[in-house]
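Visitor: Input: one structure, supplied below.
The values are calculated or read from the model by the stated rules, or taken from the named source; none is laboratory data. These numbers were taken from a predicted model, which means no experiment stands behind them. Every residue, glycine among them, receives a Cβ derived from its backbone with ideal geometry; neighbour counts consider all protein chains shown.
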Amino acid sequence: DAGVIQSPRHEVTEMGQEVTLRCKPISGHDYLFWYRQTMMRGLELLIYFNNNVPIDDSGMPEDRFSAKMPNASFSTLKIQPSEPRDSAVYFCASSLRQGGSNQPQHFGDGTRLSIL
Amino acid sequence: SQQGEEDPQALSIQEGENATMNCSYKTSINNLQWYRQNSGRGLVHLILIRSNEREKHSGRLRVTLDTSKKSSSLLITASRAADTASYFCATVNSNSGYALNFGKGTSLLVTP
């Protein structure tokens with residue numbers, strides 16, 4: 001079975017540019033999560049969706065960040081305009097609803113983002 | 001926000017030895033999970049222990065949970081070079097729905 005698929009794997013762009021990260025969750029999973037990993041702050045939850053609806057976006061750093069889930073098989077995380085401090089590895093994860101919060105999350109391999 | 005805090009930050013052992021990592025957390029939880037991350041890869045779920053459980057086993061992994069001390073430990077027995085990775089504990093808090101709160105991880109190096 002295919003796991004969570006993220007694209008691109010690496011992105012290098014200049015400050016001020018728009019960045020779009022993409023995620024395809026595991027088919028049949030109801031929850032989708034976006035995390036950011038940095039050396040300083042570790043892994044932080046940015047936002048998560050249930051059945052394509054955003055449930056908690058309290059971790060989104062500021063208005064420059066936005067996330068959408070137009071259907072059950074696709075989500076985007078957009079940064080506009082990007083800043084050097086946004087450089088990090090961004091992970092997408094998905095999980096099943098059955099069993100509630102006692103379900104493991106399945107992670108993609110992440111997008112390594114560098115803003116110059 | 002960070003919830004779990006792993007200890008030690010780094011651990012170096014030889015193949016065949018056991019590795020023990022500890023995790024402390026701050027608030028009431030529904031469950032605690034351990035994940036492994038190999039360099040340049042995503043996190044892989046290892047084991048989940050619910051708040052009403054005290055110990056759980058999976059292959060060479062043993063996890064304990066002490067809710068009175070708000071702490072957990074992960075034991076990897078008979079370690080292998082392939083176990084070299086970072087290990088993270090993550091909690092699902094009682095009031096935070098499905099969000100995972102991660103610690104900063106323990107970096108484990110297993111040398112042949």
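Visitor: From (1) within 14 Å of chain B (Cβ to nearest Cβ); (2) surrounded by 15 or more Cβ atoms within 10 Å (Cβ to Cβ), pick out the condition that doesn't hold for A:S58.
Guide: In the conditions (1) within 14 Å of chain B (Cβ to nearest Cβ); (2) surrounded by 15 or more Cβ atoms within 10 Å (Cβ to Cβ), A:S58 misses (2) alone.
Visitor: Looking at A:L113, is it more than 10 Å from every other protein chain (Cβ to nearest Cβ), hydrophobic (A, V, I, L, M, F, W, C) and surrounded by 20 or more Cβ atoms within 10 Å (Cβ to Cβ)?
Guide: yes
Visitor: Turning to a different aspect of this structure: Kindly list, by first and then second residue, each pair from a residue in the range B:32-53 that is at positive phi to a residue that is not hydrophobic (A, V, I, L, M, F, W, C), limited to pairs with Cβ atoms under 9 Å and residues at least 6 apart or on different chains.
Guide: Cβ pairs passing all conditions: B:G40/A:D109; B:G40/A:G110; B:G40/A:R112.
Visitor: Let me ask something else. Filter the range B:15-46 down to residues that are surrounded by fewer than 22 Cβ atoms within 10 Å (Cβ to Cβ), within 9 Å of the chain's Cα centre (by Cα) and closer than 19 Å to B:Y98 by Cβ, then give me how many there are.
Guide: 1
Visitor: Exactly one condition in (1) in contact with a Lys or Arg (Cβ under 8 Å, 6 or more places away or on another chain); (2) of a type in the set (D, E); (3) modelled with pLDDT of 95 or more is false for A:E44; which is it?
Guide: Condition (3) is where A:E44 drops out.
Visitor: Out of the residues in the range A:74-86 that are surrounded by 15 or more Cβ atoms within 10 Å (Cβ to Cβ) and not in a strand (DSSP E or B), state the one that is nearest to the other protein chains (Cβ to nearest Cβ).
Guide: A:D86
Visitor: With a cut-off of at least 1 residues that are within 24 Å of A:V4 (Cβ to Cβ) and away from chain A (no Cβ under 14 Å), name the strands (runs of 3 or more DSSP E) lying wholly within the range B:43-102.
Guide: Output list reads B:71-76.
Visitor: I'd like the full set of residues that are within 16 Å of A:T20 (Cβ to Cβ), out of contact with any Ser or Thr (no Cβ under 7 Å at 6 or more places or on another chain) and touching a residue at least 24 places away in the same chain (Cβ under 8 Å), limited to the range A:64-88.
Guide: Correct list: A:F74, A:S75, A:L77, A:I79, A:Q80, A:P81, A:E83, A:D86.
Visitor: Could you please find all residues in the range B:20-42 being polar (S, T, N, Q) and assigned to a strand (DSSP E or B)?
Guide: B:T20, B:N22, B:S24, B:N30, B:N31, B:Q33, B:Q37
Visitor: Please verify whether the range A:87-95 includes one or more residues that are assigned to a loop (DSSP other than H, G, I, E, B), of a type outside the set (A, V, I, L, M) and farther than 23 Å from B:G97 by Cβ.
Guide: Within the range A:87-95, one or more residues are assigned to a loop (DSSP other than H, G, I, E, B), of a type outside the set (A, V, I, L, M) and farther than 23 Å from B:G97 by Cβ.
Visitor: Can you find a residue in the range B:2-10 that is modelled with pLDDT of 95 or more and either of a type in the set (K, R) or surrounded by 14 or more Cβ atoms within 10 Å (Cβ to Cβ) (or both)?
Guide: Within the range B:2-10 (the criterion being modelled with pLDDT of 95 or more and either of a type in the set (K, R) or surrounded by 14 or more Cβ atoms within 10 Å (Cβ to Cβ) (or both)), the answer is no, since none of the residues qualifies.
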